[in-house]
1. Would it be correct to say that E287 is touching a residue at least 60 places away in the same chain (Cβ under 8 Å), part of a strand (DSSP E or B) and of a type in the set (D, E, K, R)?
2. Can you work out which of the residues in segment 321-340 that are free of Cβ contacts under 8 Å to residues at least 60 places away in the same chain and open to solvent by 10 Å² or more (accessible area, probe 1.4 Å) is farthest from the chain's Cα centre (by Cα)?
3. What about D290, is it of a type in the set (D, E) and at pLDDT below 90?
4. Applying the selection to segment 260-280, what residues are open to solvent by 40 Å² or more (accessible area, probe 1.4 Å) and not in a helix (DSSP H, G or I)?
5. Any chance segment 272-280 includes a residue that's aliphatic (A, V, I, L, M) and in contact (Cβ under 8 Å) with a residue 60 or more places away in the chain?
6. Could you tell me which of the residues F329, F348, F302 is within 30 Å of L197 (Cβ to Cβ), at pLDDT 95 or above and in the same structural domain as P270 (by the TED database)?
7. Mind telling me which of the residues V268, V294, V304 ends up being among the aliphatic types (A, V, I, L, M) and in contact with a Phe, Trp or Tyr (Cβ under 7 Å, 6 or more places away or on another chain)?
8. Give the residue, chosen from A179, A218, that is closer than 22 Å to S346 by Cβ and not assigned by the TED database to the domain that holds S346.
Amino acid sequence: MNAAREGLYGHDDYGYWFIILEDKLREGEEPDELYFQQYNYVDDYDKGDSGVTIDEVFQRANDEYWEPGEDRFIKNRFELPAKLYERLFGPNGPQTIEELGEIPDAETRYKAHKELHKDDPPSNLPPFDVIDNGKEYDIFNVVVDPAWQEKFRNKKPPLAYWTEIRKGRKAWLKKYSPAIPHGSKYRVYFNTPDGPLERVPAWATFIQPDAEGKQAYAIHWEPPPEHTYKWKHTAIKPPKSLRIYECHVGISGSEPKISSFNDFTEKVLPHVKRAGYNAIQLIGIVEHKDYFTVGYRVTNFFAVSSRYGTPEDFKRLVDEAHGLGLLVFLDIVHSYSAADEMVGLSRFDGSNDCYFHTGKRGHHKYWGTRMFKYGDLDVLHFLLSNLNWWISEYKIDGFHFHSLASMLYTHNGFASFTGDLEEYCNQYVDNDAVKYLILANEILHALHPNIITIAEDVSIMIFRLSFSSEAKLFH
């Protein structure tokens, strides 16, 4: 394949395979010369090509940013190594160890260098003094001229020049055609020892579920600028007290049909505001296969349910809610997953333990769902990324973590709880699940200080840990 020939596939730093699909240059267009001419993904930056050439950008950077003498070693980075190599290994250099002689220590050579250049005119190159302090190992104190250090810290890189030749998305699409056009249907193909498999990608952001006997597909969602939702309102700060309206988009209408995001935005949000609420908690937003489960058997964790509309429709719902002063909370189900294999995560790569425990522990005792193995780093990566995705992409204000008892205990919470401490410290507690919740909560509040996290736990373990001196789960 072309991607392989061009070196556009391989492993990343985490050991994952990746493939880069490059957009195609349109006929009659010239390719970009530098990486920072690429599409910059900023909605309101759509100036297109400015006509500034690469040479002009670097000339302006050199003239206005670098001071006399500073750009010499930037342009000629190999000058000093080349001279040193020539001196040691060139035709006029020493030919034997004896001719090479004894090399003085670093401090002696440095003092000789300073003595040799003591009468040189002052330059703006950094003045360093290295002091050995008599230590036998290579740890040195580096003394820097304070005036030069302050001068260096006050410099600002010439990013403004680079930005001038970056493109907005309109200009990018005028010059390039996307490798995968918006709206394309796709699945991922596995060639396993047990035979070929087709799956809906685990990270897909929009799904066409099974319908009328047709298999489900992922849909590449990257609409052109004229169809991309433009946010109008900024996120609002959490109030001192919350009055939460719990709702489900699909059953929010008065007609005998599944209501849409747009129906909810136009008819329900104003009603919620008039009723005196300051937050809504949305159920069943994340894609799920079976509508009768009200959205709790999630199949695709990064996708909004296509039953109600598109990702742009959901962005409008959240934005209009913010305009009315309403916070938007998402009911998030990280306590289990749907057992469906075609659109879900179960046996995703053909193995039984890709995301879940094997054996009985990998299945909910009564609900027929799959149970995550929270001690696996890849599973942690998947779930934590999922939380951040909903905030970054859809500006969600908080999460309601659903049915935590099913993940906190290997008996899935189906036990009698009397409040005795031993019930929360025995062999039935999934310590990896507890650690995941602590990690998720801490990371969310570190990345998004105004985020609100709510825990639904009938066993009161969350309540106990939240007020413990050892761990703070939710706040």
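1. It is true that E287 is touching a residue at least 60 places away in the same chain (Cβ under 8 Å), part of a strand (DSSP E or B) and of a type in the set (D, E, K, R).
2. L324
3. In short, yes.
4. Result: A275, Y277.
5. Yes: one or more hits.
6. F302
7. V304
8. Sole residue among the options that is closer than 22 Å to S346 by Cβ and not assigned by the TED database to the domain that holds S346: A218.
The values are calculated or read from the model by the stated rules, or taken from the named source; none is laboratory data. Everything quoted here is computed from the prediction, not taken from an experiment. Here the Cβ is made from the backbone with ideal geometry for all residues, glycine too, and neighbour counts use every protein chain on show. Ligands, DNA and RNA are stripped out before the accessible areas are found, and what is left, the full protein with its side chains, is counted by its heavy atoms. Shrake-Rupley method; radii C 1.70, N 1.55, O 1.52, S 1.80 Å.
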